[in-house]
1. Surrounded by 20 or more Cβ atoms within 10 Å (Cβ to Cβ), modelled with pLDDT of 95 or more and in contact with a Pro (Cβ under 9 Å, 6 or more places away or on another chain): which single residue out of Leu415, Leu430, Leu462 fits that description?
2. Among the listed residues Asp267, Asp199, Asp216, Asp248, identify the single one that is more than 19 Å from Glu345 (Cβ to Cβ) and either touching a residue at least 12 places away in the same chain (Cβ under 8 Å) or in contact with a Ser or Thr (Cβ under 7 Å, 6 or more places away or on another chain) (or both).
3. Scan the stretch 75-98 and tell me whether some residue there is modelled with pLDDT of 75 or more, open to solvent by 40 Å² or more (accessible area, probe 1.4 Å), within 29 Å of the chain's Cα centre (by Cα) and aliphatic (A, V, I, L, M).
4. How about the stretch 138-223: which helices (runs of 4 or more DSSP H) wholly inside it have at least 2 residues that are closer than 30 Å to Val475 by Cβ and of a type in the set (D, E, K, R)?
5. Condition test on Ala160, is it among the small types (Gly, Ala, Ser) and touching a helix residue (DSSP H, G or I) at 6+ places or on another chain (Cβ under 9 Å)?
6. Pairs needed: first member in the stretch 366-388, farther than 21 Å from Cys274 by Cβ; second member anywhere, buried (at least 16 other Cβ atoms within 10 Å of the Cβ) and of a type in the set (S, T, N, Q); C-beta distance under 9 Å; at least 6 residues apart or different chains.
Amino acid sequence: MKKHRLEFFLVILMLALGYLVLFRDISFQWKAVCIALYGVIIFSTVFSLMMENRSAQSTLLWIYILVLLPIFGYIFYLYSGQLLLKGLLFKQKRINDREIFETSHHRLMFDFSQLNERQRCFARYLERMTLTHPNTNTKTKVLKNGKETFREIKQKLLNAKEFIHLEYYTFRYDRLGKELIAILAEKVKEGVEVRLLYDAVGSMCLSRSDLNAMQDAGVSVYPFLPIKSGFLNQKWNFRNHRKIIVIDGTSGFVGGLNVGVEYLGEDENIGFWCDTHVYLEGDAVQTLHKVFLADWEYVCRKRLMEERKPMQVERQPEDKSRQADTKLISVVKDGLVHVVATGPETRKMSDHFYAMITCAAKSIWIASPYFVPNQAILTALRIAAAKGIQVRVMVPEVNDGFLTQYASRSYFPELLRAGIEIYTYQKGFLHKKLIIVDGDIASIGTANMDLRSFHLNFEVNLFLTGTESVQDLIVQYEEDLRECRRIRPVQFYKRPTSERVKESFARLFSGVL
């Protein structure tokens, strides 16, 4: 916190120095002192940046910004999340999350012998590189689009007996939001504890009266990283993009759908909304619940874990002989469900996507509303296509923003040259976030294929290995393909120069999209 205050003080000092030099009639000597002091601040920042040993491209880019954009370059440097690389932000959350995810006294070992070689490779990678462990004995049900998803959500909420925990990036208090709050209010009257965590930016539409209505209904409501407190600590650019519901620790929901009528396809400006959600029952719900509990503790400074008896189902009975603390779990034919949470404080989701893609032997199917991959994933996709692996990328025909629309299209030439199939969804807005590899490994959740999801957002995805629900995702993907237009290389290369200019301009902002 002291370092945060120092950096904020330097911003104020730099503004004062600029004001004295540009707008005050002071002597040449004092102007020289002000300019020299400003130079010392910039030089020390550049030196610190250089000593971090980032990539040469990234380091030079930030040096140019700091030097060529007086004052504003330094402010942009601070509040774009660059200090995260120094390990200063979310350090305490990283420590607390590890404690929550390592609650079991027993190490769990998994027998992956019933999986094929590719599945074993990826399952072992996730087991080693994430805080969570894979789950067996889990039922997953794929829910297509908003009407089916919220019909299932309402039904399960009505069956709650002990608690309901919700976490959303966007929660609107419109017709759908009011319907859900009405259900939650009834459950509160029945003695059910209800907690709602919403992102302060994604749910900026919530007014004070909306929040008061929720609280009056008995719902405990908290914002994630409020903007007013995020400016001083440089956290305002990091958002909670997760969509989670956990009911009684036995059932849960996760996927791409937020709460709002547009997700039902009722917004005339957006039209039909194509998305996917997943309903969970079984062991994986406990892991999903831990993600919520970790976020709740970070926001409220209160640990609920000790209060939640259902959270203890993962704990194995003690070995009376105390000769071993390891339990071997066989992966049955129903496969694995691995809940993986990522964020600025943990390993990047892009690493998991890269590992998944490089395991492919036959096919890689991707659907993402915002396709802005990093260089590693872009290279992996090109190499996969060069090997003869079928690579398909599905994106919306029309996106919800100028920059996201044209930044995605700026990658089309390279993809098309590599032989990758590109499809644009025509029926409405494609919002699902999906990767299917070889028809038996899939990722579905909240993370987009873009640099914001990779570096700045808190996300949660399900990685499904050999489960029946993977086949449902394949069927839905093929159904969506029938609503798509395939981009042909010759036709795309004939696009107007104005389109190329838009693409190149939008790509400059790909790091914050």
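1. The conditions single out Leu430.
2. Matching residue, one of Asp267, Asp199, Asp216, Asp248: Asp248.
3. yes
4. 145-158
5. Considered against the rule, which asks whether it is among the small types (Gly, Ala, Ser) and touching a helix residue (DSSP H, G or I) at 6+ places or on another chain (Cβ under 9 Å), Ala160 comes out as yes.
6. Asn374/Ser350; Ala376/Ser350; Ile377/Ser350; Ala380/Thr358; Ile383/Thr358; Ala384/Thr358
This table checks each residue for (1) under 27 Å from Glu459 (Cβ atoms); (2) open to solvent by 60 Å² or more (accessible area, probe 1.4 Å).
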{"position": "Arg151", "(1), (2)": "yes, yes"}
{"position": "Lys156", "(1), (2)": "yes, no"}
{"position": "Arg175", "(1), (2)": "no, yes"}
{"position": "Leu184", "(1), (2)": "yes, no"}
{"position": "Glu193", "(1), (2)": "yes, yes"}
{"position": "Leu197", "(1), (2)": "yes, no"}
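Each row is one residue, and each column tells you yes or no for (1) within 30 Å of Ser113 (Cβ to Cβ); (2) of a type outside the set (A, V, I, L, M); (3) assigned to a loop (DSSP other than H, G, I, E, B).
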| position | (1), (2), (3) |
| --- | --- |
| Arg452 | no, yes, no |
| Ser469 | yes, yes, no |
| Asp472 | yes, yes, no |
| Val475 | yes, no, no |
| Arg485 | no, yes, no |
| Gln491 | no, yes, no |
| Arg500 | no, yes, no |
| Phe505 | no, yes, no |
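The values are calculated or read from the model by the stated rules, or taken from the named source; none is laboratory data. The model shown is predicted, which means the values in this text are computed figures rather than measured ones. FYI the Cβ positions are ideal-geometry reconstructions off the backbone, even for glycines, and counts take in every protein chain you see. With ligands, DNA and RNA removed, areas are computed over all heavy atoms of the protein, side chains included. Shrake-Rupley method; radii C 1.70, N 1.55, O 1.52, S 1.80 Å.
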